[in-house]
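Scroll down for the structure; my scribbles are underneath it.
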């Protein structure tokens with residue numbers, strides 16, 4: 001079968017018709033797309049507010065009271081009268097030293113006292129009788145003086161005997177080693193049958209009072225100087241009462257109770273350049289154990305009319321400077337360099353570069369650049385529209 005070829009004229013007409021159709025189709029599609037407008041961004045309006053500033057510092061727990069138990073007399077340990085790791089009360093007997101030699105010494109001292117009392121009674125009678133005889137010149141003055149001196153000697157001997165009895169009684173009492181304070185007692189370093197000596201170097205056990213705990217924090221002397229200068233120039237104001245302290249435990253949780261700052265050391269550690277600060281915390285459940293490392297959040301003062309800025313609103317330029325996008329009255333964005341000193345929660349504390357009432361871009365930073373006109377929407381409205 002023979003197929004007739006289309007003429008060149010017909011090909012030209014078909015090409016023109018196809019081009020016109022495509023052109024009209026493109027115009028109709030472009031006509032349906034609106035022109036691109038200003039980018040929509042979420043903003044906040046800065047509001048000045050009084051803000052409590054705090055600082056997290058490394059800290060360590062220590063017991064409120066620590067008593068190392070040592071014997072005050074020597075001897076053989078007969079009994080250990082406590083359970084290791086238990087709670088003990090002040091005055092509770094912990095160890096019993098063999099008291100036999102001290103009991104004997106006590107009884108000997110009592111006998112010496114009785115003898116001194118008898119000697120004194122005889123000396124008093126003799127001195128009284130000699131005084132009467134001396135009045136009638138029946139004896140010489142020397143004999144009377146000797147009798148009176150013997151009386152004074154007898155009184156001194158009795159006082160010495162009483163002191164010896166008291167010393168022997170104390171030593172006998174020291175054979176019962178008692179807890180000087182209430183608290184939790186640790187492991188014992190001796191067992192029954194061990195020989196101990198008075199005031200030995202090695203402690204028999206240690207009692208720690210844990211119902212209240214100390215928290216010792218360290219802060220650099222440089223930070224302390226800056227803090228004092230801020231107070232001096234009025235940038236910070238102290239709060240009434242003692243500064244509050246919160247603890248972040250080793251597992252990241254926050255301790256339920258607040259503590260109070262007690263004092264700041266007056267000496268800088270020459271090797272570290274740090275100053276020690278101490279706070280006290282109630283520890284009724286014994287959750288805070290001596291030697292535990294924690295983070296302490298210490299209130300340092302109140303910054304009046306402080307400006308706080310969400311961290312996501314701040315970017316960094318090539319020089320590492322903090323930059324924010326400020327929306328002007330004409331909705332035009334301008335980049336501004338600011339200075340920040342520290343974080344407060346999830347916000348930056350602004351030291352300079354911004355003023356209260358200015359509008360800052362928080363969301364949509366990737367859509368704008370310096371000098372662009374934006375559609376500024378309060379951040380709360382932007383968040384609700386996105387839901």
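The values are calculated or read from the model by the stated rules, or taken from the named source; none is laboratory data. From a predicted model like this one, the values you see are computed outputs, not experimental measurements. No Cβ is skipped: glycine too gets one built from the backbone with ideal geometry, and neighbour counts run over all protein chains shown.
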Quick one: which strands (runs of 3 or more DSSP E) sit completely within region 236-316 and have at least 1 residues that are within 19 Å of residue 341 (Cβ to Cβ) and in contact with a strand residue (DSSP E or B) (Cβ under 9 Å, 6 or more places away or on another chain)? 293-310
All but one of (1) free of Cβ contacts under 8 Å to residues at least 24 places away in the same chain; (2) in a strand (DSSP E or B); (3) within 30 Å of residue 37 (Cβ to Cβ) hold for residue 366; state the number of the condition that does not hold. (2)
Looking at region 225-234, can you tell me whether even one residue there is assigned to a loop (DSSP other than H, G, I, E, B) and at pLDDT below 90? yes
Of the conditions (1) more than 40 Å from the chain's Cα centre (by Cα); (2) surrounded by 14 or more Cβ atoms within 10 Å (Cβ to Cβ); (3) modelled with pLDDT under 95, the single one that residue 78 does not satisfy is (3)
